[in-house]
Structure formats: C-alpha cells, structure tokens
Amino acid sequence: MNQNKPNSVDMKFRILIAHQSTIPHYRLPFYQTVQRLKPDWWEFEVIYDKKESLRHFYMNLEESNFNFKVKPSSGINLDILGRKLSLQAFPFFSLGYDLVIVGQALNNIAYPFTFIRKLVGRPIAYWGQGRDLYTVKKSILKQLTESFKLFLTKRVDGFFAYTQGVKEYLVTQGVQTDKIFALQNTIDIEAQRNIYWKLKEKRDELRKKHNVLDKKVILYVGRFNREKRVDIIVDAFIQLNNLDSGYVLLVVGGGNPKLLKMATDNCKPGSVKHFGVVPDSEIGQYFLMADVFVAPGSVGLNVIQAMCFNLIPIVIASRYQSPEFEYLNDSNSIILPENSSANEYATSIKNLFLDQELKLRLEANIWDSIKHLTIEQMAKNFISGVDQLLSRIYKKK
C-alpha cells in the first residue's frame with residue numbers, strides 16, 4: 001500500500017465520499033476495511049441519510065458497526081415527469097474537503113452540482129458504471145444526458161470504475177486511462193463463505209423447517225424492479241409449477257408485490273414463499289436452502305452472494321447488463337442468449353435439475369472463479385486510487 005504523503009503538504013487530507021445518497025448495507029464492510037487499511041495521512045467521511053436507507057434498501061443500519069466517520073445528510077425527494085430525483089445538500093459544503101468522490105448518477109441532482117468544485121479549482125472524482133446500462137431505446141433526452149455525463153467525466157480528476165470492463169469502456173470514450181481506477185466491485189465474500197460452511201450441515205434441517213425438504217428450490221434475492229426482470233421469473237415459474245408441483249420459489253427482497261401476487265394466484269398453494277427484506281445476519285439460510293439462483297435481468301452483487309453458497313446463477317446475456325456480469329462465464333453459470341423468453345428460461349431451469357452432471361461440474365467451479373473478489377482487494381484498489389489522486393493533485397501546488 002502506498003503510504004507516501006505528498007511532500008509539499010504537511011497535513012491530514014479530508015475526503016468526502018458520496019458515491020450513493022446513503023450507505024447501503026452491503027457497503028459497510030467496504031468502508032470498514034478502507035478505514036482499517038488506509039494510510040494515516042488522509043481521512044474520510046461518508047454521506048449518510050437514514051431516510052434514504054429505508055427508501056432504497058428497506059432497512060436501517062446498525063450505526064454501532066461504523067468504525068468510520070459519517071456526514072449526516074438529508075435530501076429532498078422530487079418527482080419530475082414521473083422520474084424520482086433526489087437533491088442533497090453536500091455540494092454546498094463540499095468546498096471544505098480536499099477531495100470529493102461522488103456517484104455518477106443523474107437521478108441524484110447533487111452529482112452535477114458538485115462539479116462547482118472544479119470551477120473554483122478543487123478536485124473531484126466520480127464513482128460508477130460509466131454509462132447508462134439499462135435503457136434499451138434511448139430518447140434524445142437520454143442521449144443528451146449520457147453525453148453530458150461523459151463531458152463531466154473527461155474533466156474530473158479521477159474515476160473509480162466498478163470493474164475493469166468499465167475502465168476499458170471509458171478509455172474507448174476518450175477518458176485518460178491513468179485517472180481511472182478499477183475497483184472490482186464486490187461484497188465481503190469471505191464472510192459469506194464462512195456463513196456457508198457454518199450452516200452447511202443444517203441445510204436439510206432448514207429445508208424441512210420451511211417445508212421444502214424434497215422440493216426443487218429456486219431462489220431470487222433482490223429488489224422488484226424493471227431492470228431485474230422479475231416478470232420473466234414469474235412467468236417461467238408459473239410454467240414450471242403447473243407442470244411439476246415440486247418446484248418452489250423463494251423470494252427475498254422488497255418492492256412492488258404485484259408480480260409476486262400473479263405467481264401466487266397462478267401456482268399451487270405454498271409454492272411461492274416471500275420473506276420480504278431480510279437482515280444480512282439471517283439471509284444466509286435462504287441461499288443455503290436453494291438449489292438454483294435466478295437472475296434474468298440486471299445482475300449485481302446478489303449473484304456474487306449466491307455464488308458464495310455454491311448456487312448456480314441462471315442469467316441472460318445482454319449489452320445492457322451490469323458490470324458484475326463480467327464475473328460470470330460458462331464454467332460457473334448458465335448464460336442464456338439475449339432476448340431469451342420466459343419459456344426458454346423455464347426450460348433452462350428444468351434442464352439443470354435433469355442434468356446432475358452439469359450441475360455438479362458448475363458447482364465445483366463456482367467458488368474458485370470468484371474467490372479473488374475480496375472486499376480487502378476492493379478496498380486496496382480504492383485506497384491506491386485515492387493515494388495516487390492526492391499525490392498527483394497536491395504535489396502540483
């Protein structure tokens with residue numbers, strides 16, 4: 001780790017991190033690890049809005065687990081032409097920090113406002129996916145906003161990219177390669193793997209408790225939104241369950257329950273079990289009970305978590321996939337072609353249960369394919385980027 005402090009400055013640098021409008025539960029281990037590993041010559045604070053934790057992630061955080069400083073912030077939520085936007089106050093007090101790292105998301109209006117720092121000679125870095133990965137047909141307005149984001153990205157001091165693929169994309173768009181730092185976005189996979197080993201012998205006990213001991217258990221964990229393509233999961237499961245009542249769908253997460261009601265109304269009683277939002281300390285049991293993990297839409301960190309429990313993800317390839325899709329391949333997942341239908345998705349699930357040789361081969365490869373994606377390495381990548389940025393910027397002054 002680079003512990004060298006810029007020679008011309010004898011002080012502790014202050015960094016404000018606002019890469020999201022609050023602290024998601026899955027980011028706690030990351031910030032805790034950064035705090036543990038970072039050099040002494042800089043410190044950081046993280047924007048924290050309790051209301052946003054509930055609004056976006058449906059849970060409060062246990063603040064006693066914070067070993068880092070937070071900057072309490074409350075935003076104003078707006079609904080403009082059907083689009084939900086957020087405005088937070090941190091751009092207006094950000095000038096007191098030596099570096100601000102802000103999420104590259106236009107639904108948080110604070111993101112473009114923070115660029116005011118550049119106008120007065122103060123450094124700023126972005127954190128994000130580099131582009132909109134979810135809009136299939138981009139309107140003229142969307143194309144303009146994407147061009148605007150790229151315009152800003154080329155002019156900031158640094159960019160913390162979710163993955164190596166995001167970095168490579170930005171380089172093709174003319175962003176300087178030496179100011180892009182690939183984080184390899186992840187969760188605390190070692191902690192999740194330890195939970196797997198701890199609970200492994202209780203699998204049958206847990207399945208019996210939830211009346212799924214002799215069932216074919218399909219698991220979905222995540223929010224119910226358009227990007228996750230929950231509609232495909234529902235349609236595929238209805239087909240499977242009507243053919244074989246041995247299929248059971250476990251759903252963990254929050255959001256619009258209408259799609260799940262459709263599945264419940266069209267399947268055998270007890271075939272769909274919705275557990276709502278589950279605390280991190282309890283979620284491992286649901287991964288352990290399952291036989292397969294479904295994620296037909298935008299994959300994310302939920303897929304990495306499933307793989308810590310040797311669950312095979314069934315996904316659909318798409319040019320609009322999340323960056324974490326880079327971690328998947330034919331040796332650790334079932335990857336269907338773009339535009340696969342719900343019927344084809346159902347068939348892939350059925351075939352996986354029928355082909356035990358394939359299932360065992362994939363399960364044997366899963367952990368080895370992701371075990372390098374540790375939260376410690378992600379924190380080291382972040383710290384290295386911050387060190388380089390501060391050294392580069394303040395040596396010039």
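I'd like to verify something in the chain: which complete DSSP H helices, judged by Cα projection on the helix axis, reach 27 Å or more and average at least -0.5 on the Kyte-Doolittle scale?
Correct list, ordered by number: 375-395.
Can you sort 13, 93, 66 by solvent-accessible area, 1.4 Å probe, largest first? Could you put the intermediate results ahead of the total?
Working: 13 0, 93 75, 66 35 Å².
Largest accessible area first, the residues go 93, 66, 13.
If you take every DSSP beta bridge whose two residues both sit in the chain, what share of them, in percent to the nearest 5, is antiparallel? Write down the numbers at each step before the final one.
Details: 5 of 48 bridges.
Given both bridge residues lie in the chain, the antiparallel proportion sits at roughly 10 percent.
When the chain is fully extended, how far beyond the present Cα-Cα distance does residue 36 get from residue 361, taking 0.36 nm per residue of separation? Walk me through the numbers on the way to the answer.
Details: separation 325, 0.36 × 325 = 117.00 nm, distance 3.78 nm.
Stretched out fully, the residue 36 to residue 361 stretch lengthens by 113.2 nm.
Hey, what did segment 267-397 get for relative contact order, percent, Cα under 8 Å, at least 6 apart? Display every interim value, and only then the final one.
On the way: 111 pairs, mean separation 26.1, N = 131.
Averaging sequence separation for qualifying contacts and normalising by length gives 20 percent for segment 267-397.
Of 114, 264, 172, 374, which has the most accessible area with a 1.4 Å probe, and how do the rest follow in descending order? Could you put the intermediate results ahead of the total?
On the way: 114 0, 264 75, 172 100, 374 20 Å².
Of 114, 264, 172, 374, the descending order of accessible area is 172, 264, 374, 114.
Computed on alpha carbon atoms, what radius of gyration and Dmax characterise segment 291-397, expressed in Å?
Just the Cα atoms of segment 291-397 yield Rg and Dmax of 18.0, 66 Å.
Want the number for residue 354 to residue 319: 0.36 nm per residue separation, take away the alpha-carbon distance, what's left? Numbers along the way, then the final one.
Numbers: separation 35, 0.36 × 35 = 12.60 nm, distance 2.97 nm.
Contour length minus Cα-Cα distance gives 9.6 nm.
Apply the Karplus parameterisation 6.51 cos²θ - 1.76 cosθ + 1.60, with θ equal to phi minus 60°, to every residue of segment 101-112 and state each ³J(HN,Hα) to the nearest whole Hz, in sequence, with x for glycine and proline.
10, 10, x, 8, 9, 6, 6, 9, 4, 4, 4, x
Return the distance in nm (one decimal) between the two label points of a simple spin-label model at residue 66 and residue 369, each offset 7 Å from Cα along Cα→Cβ.
Result for the modelled spin labels: 3.8 nm.
Given labels modelled 7 Å from the Cα in the Cβ direction, how far is it in nm from residue 329 to residue 231?
Taking the two extended label points, one gets 3.4 nm.
Once the Cβ-Cβ distance between residue 344 and residue 116 is put in as r, and R0 is 41 Å, what FRET efficiency do you end up with, to the nearest 0.05?
Values: r = 49 Å, r/R0 = 1.20.
The calculated FRET efficiency here is 0.25.
Which peptide among 342-352, 267-277 comes first, and what is the full order, when sorted by highest mean count of other Cβ atoms within 10 Å?
Values: 342-352: 17.7, 267-277: 15.8.
Per-residue mean Cβ counts within 10 Å order the peptides as 342-352, 267-277.
For segment 203-275, would you read off the P(r) tail past 20 Å as a percentage of all alpha carbon pairs? Present the calculation step by step, with values, prior to reporting the outcome.
Values: 662 of 2628 pairs.
Tail of the P(r) past 20 Å holds 25 percent of the pairs.
Express the C-alpha Rg of segment 93-196 as a ratio against the empirical globular expectation 2.2 N^0.38 Å, rounded to two decimals.
Output field value: 1.20.
Over segment 302-341, calculate the relative contact order: mean separation of alpha carbon pairs under 8 Å at least 6 apart, over the residue count, as a percent.
On the way: 32 pairs, mean separation 18.3, N = 40.
RCO, segment 302-341: 46 percent.
Select one label from [x] 69, 47, 37; [y] 69, 56, 33; [z] 62, 48, 36: the one whose number is Cα extents along the principal axes in Å as derived from the coordinates shown.
Matching entry in [x] 69, 47, 37; [y] 69, 56, 33; [z] 62, 48, 36: [x].
Subtract the Cα-Cα distance of residue 377 and residue 282 from 0.36 nm times their separation in residues, and report this length gain in nm to one decimal.
31.7 nm
The values are calculated or read from the model by the stated rules, or taken from the named source; none is laboratory data. Since this is a predicted model, take the numbers as computed values, not measurements. Note that we place each Cβ from the backbone using ideal geometry, even for glycine, and neighbour counts take in every protein chain shown. Accessible surface areas use protein heavy atoms only, side chains included; no ligands, DNA or RNA. Shrake-Rupley method; radii C 1.70, N 1.55, O 1.52, S 1.80 Å.
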